[in-house]
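Taking it in order: structure first as structure tokens, then the write-up.
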């Protein structure tokens, strides 16, 4: 049988004997030189480096790539409002006590609508829910812009609008995270979560810095407008998503109190999920030291009253460590013992915080907090991956709601006890005690539920 090539008929590739040397050439059975096809050393090194750096395979999926790329713009825009709200409240009142009310006005809707939003995400098309909640966030940013630009209303109107925006955010996050397993294969979930965490932390660094530069130039009200405009990128990416209806039967689903309770019951009956929540509560409620940053920056590192360079470095150190670790997450998808990985990462967080409290060197403090941040991002990536893999699709939204409440609520619990502890023992000792408590608490929780230590991801 012959085939036609560009230069006429050709015959199948068969071995031929060279008339001069007597050796066989060509064909599948012909001998090859020992080094034939050997990969160059530079290519092997490049492949090894790519294996260590961030795994970007999820970005090959167009729907996820659009969401992730739009998220870069949106996260930075959201951080502009994070800076603008307390700045506007302080400008209106001249009181830090009023600024502190943002914690209360943010926490209550976060808990209520985070849990309810998870139930809604299991009952409706998640793409539709993302469009609704994303539009609500944008409209609340526009309303804040109007109040700031016109001077209408007062501090209580700003706090109410802030609470409304937080409620839409709390509804948005469970649906957003629950969509990802429907877009990507299971073995790419750790990589996708690492990419998401890296973007969030970059925004947490770049957004406040950008706000500080822009406020003297364009004014505080315009930050809200920029936030609303940035949200258009995510709304466009969400519009391009395919429909993501609830999985399972076509029966109509509800999203009431009973469904929220069912979510807690589901978590309690699945030990791996339960421990993933408990161990994060231990890490954040005991270990988050941000409440001592203002005092320690002045009493130990010599900042002026009101804060200065040292305090800025301390607040930036943890997200800097998270970003740095996020750049080297290419190996995470190869780890199957994810329960072990979470436990060790949580202990790394605790040790980093404990060492931070013991040092009197600013740069060592930043280094130890960055190490703690690296442990935190690895823990977050694997805990999110465990949740997305273990929870069934019809429960995934509610589990994401619980996850969001745990992540946001833990640091606020830490704020409550770190402040008095710093008064009693000093800020450094308070931070160190919290770091040690994290390690001890993590060991106790995992020892009580050894199934979590034995958990292996199914690749």
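Selection over the stretch 193-224 of residues that are over 25 Å from residue 56 (Cβ atoms) and surrounded by 22 or more Cβ atoms within 10 Å (Cβ to Cβ) gives a count of 2. Restricting attention to the stretch 325-343, the residues that are in a helix (DSSP H, G or I) and modelled with pLDDT of 85 or more add up to 6.
Annotation: of all residues in the stretch 363-385 being more than 13 Å from the chain's Cα centre (by Cα) and surrounded by fewer than 24 Cβ atoms within 10 Å (Cβ to Cβ), the one that is farthest from residue 435 (Cα to Cα) is 363. So is residue 229 closer than 22 Å to residue 112 by Cβ, assigned to a helix (DSSP H, G or I) and either in contact with a helix residue (DSSP H, G or I) (Cβ under 8 Å, 6 or more places away or on another chain) or at pLDDT 85 or above (or both) or not? Taking the combined requirement at face value, the residue does not satisfy it.
In the stretch 425-439, is there at least one residue being out of contact with any helix residue (DSSP H, G or I) (no Cβ under 6 Å at 6 or more places or on another chain), at pLDDT below 90 and not in a helix (DSSP H, G or I)? Within the stretch 425-439 (the criterion being out of contact with any helix residue (DSSP H, G or I) (no Cβ under 6 Å at 6 or more places or on another chain), at pLDDT below 90 and not in a helix (DSSP H, G or I)), the answer is yes, since at least one residue qualifies. Looking at this structure, is residue 456 part of a loop (DSSP other than H, G, I, E, B) and either in contact with a helix residue (DSSP H, G or I) (Cβ under 6 Å, 6 or more places away or on another chain) or surrounded by fewer than 22 Cβ atoms within 10 Å (Cβ to Cβ) (or both)? For residue 456, the condition - part of a loop (DSSP other than H, G, I, E, B) and either in contact with a helix residue (DSSP H, G or I) (Cβ under 6 Å, 6 or more places away or on another chain) or surrounded by fewer than 22 Cβ atoms within 10 Å (Cβ to Cβ) (or both) - is met. Scoring residue 416 on the criteria (1) surrounded by 14 or more Cβ atoms within 10 Å (Cβ to Cβ); (2) modelled with pLDDT under 90; (3) within 26 Å of the chain's Cα centre (by Cα) leaves a single failure, condition (1). Out of all the residues in the stretch 178-218, which are more than 30 Å from residue 126 (Cβ to Cβ) and either in contact (Cβ under 8 Å) with a residue 12 or more places away in the chain or in contact with a strand residue (DSSP E or B) (Cβ under 7 Å, 6 or more places away or on another chain) (or both)? Scanning the stretch 178-218 gives 208, 210, 211, 212, 214, 215.
So, restricting to helices (runs of 4 or more DSSP H) that lie completely within the stretch 87-194, which ones have at least 1 residues that are at pLDDT 80 or above and over 30 Å from residue 261 (Cα atoms)?
Working: elements: 96-121, 126-150, 155-183.
It comes to 126-150, 155-183.
Taking residue 149 as the residue in question, decide whether it is closer than 19 Å to residue 228 by Cβ, surrounded by fewer than 24 Cβ atoms within 10 Å (Cβ to Cβ) and touching a helix residue (DSSP H, G or I) at 6+ places or on another chain (Cβ under 9 Å). Yes: the conditions hold for residue 149. Among the residues examined, residue 227 does not qualify as surrounded by fewer than 19 Cβ atoms within 10 Å (Cβ to Cβ) and touching a residue at least 40 places away in the same chain (Cβ under 8 Å). Considering the conditions (1) surrounded by fewer than 22 Cβ atoms within 10 Å (Cβ to Cβ); (2) at pLDDT 85 or above; (3) assigned to a helix (DSSP H, G or I); (4) not assigned by TED's automatic domain parsing to the domain that holds residue 175, residue 276 is excluded by exactly one of them, (1).
The values are calculated or read from the model by the stated rules, or taken from the named source; none is laboratory data. These figures come from a predicted structure and were not determined experimentally. All Cβ positions, even for glycine, are placed from backbone atoms using ideal geometry, and neighbour counts span all protein chains on display.
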